[in-house]
Amino acid sequence: MKILQPPGWAKPRGYANGIAARGTLVMIGGQVGWDPVRSGAGGAGVWPARDFAGQARQALANIVAILAEAGGKPEHLVRLTWYVLDRDEYVAAWPAVGAAYKEIIGRHFPAMAAFGVTALVEPEARLEIEATAVVPD
């Protein structure tokens, strides 16, 4: 895996501008902050947290669990796309989200983008995160 950092560009903080990698491509569908192991009504996961940071922690843990099924680790993530309901809530939660991120993902920062959206399919979700990884062959 190679971090793509054009000469003269300021180094981004908490993400990469780009990554080049070879291996098995793993696409992880949008993960929300529910615990999929514990089922609630209708087979949906139970929501261990209602706040943004708590849901981000669980969504990241879900991504890592799915990635492990492909033999991958957090350092194999090449892209995260965040969909958030409230930009201000997202920004206010940065310290707690950063702590959860470092605990679950570590100090690996893939290419990232975040989008403000008007709604998510799961009505209790504050965010949803998609991931792409490349697991070395």
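Here, each number is a calculation from the coordinates, and none is a lab measurement. The model shown is predicted, which means the values in this text are computed figures rather than measured ones. When we count neighbours, we look across all protein chains shown, and the Cβ atoms used for this are built from the backbone with ideal geometry, even at glycine.
For (1) surrounded by fewer than 19 Cβ atoms within 10 Å (Cβ to Cβ); (2) in contact with a strand residue (DSSP E or B) (Cβ under 7 Å, 6 or more places away or on another chain); (3) polar (S, T, N, Q); (4) without any contact (Cβ under 8 Å) to a residue 24 or more places away in the chain, each residue gets a yes or a no:
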| position | (1), (2), (3), (4) |
| --- | --- |
| I3 | yes, yes, no, yes |
| V37 | yes, no, no, yes |
| A49 | yes, no, no, yes |
| P74 | no, no, no, no |
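Number of residues in region 103-125 that are in contact with a Phe, Trp or Tyr (Cβ under 9 Å, 6 or more places away or on another chain), part of a loop (DSSP other than H, G, I, E, B), closer than 19 Å to V64 by Cα and not aromatic (F, W, Y) equals 2.
V46 fulfils the conditions (1) more than 19 Å from I19 (Cβ to Cβ); (2) within 13 Å of the chain's Cα centre (by Cα) except for a single criterion, (2).
If you go through region 45-59 one residue at a time, do you hit one that is assigned to a strand (DSSP E or B) and touching a Pro at 6+ places or on another chain (Cβ under 7 Å)? Please lay out each step first, then the result.
If we filter region 45-59 for residues that are assigned to a strand (DSSP E or B), which is where we start, we get 45-46.
Now drop any that are not touching a Pro at 6+ places or on another chain (Cβ under 7 Å), which leaves 45.
Checking region 45-59: at least one residue is assigned to a strand (DSSP E or B) and touching a Pro at 6+ places or on another chain (Cβ under 7 Å).
For region 87-98, indicate whether the set of residues that are aromatic (F, W, Y), assigned to a strand (DSSP E or B) and either buried (at least 16 other Cβ atoms within 10 Å of the Cβ) or at positive phi (or both) is non-empty.
If we filter region 87-98 for residues that are aromatic (F, W, Y), which is where we start, we get 90, 94.
Next cut, assigned to a strand (DSSP E or B) only: none.
No, region 87-98 contains no residue that is aromatic (F, W, Y), assigned to a strand (DSSP E or B) and either buried (at least 16 other Cβ atoms within 10 Å of the Cβ) or at positive phi (or both).
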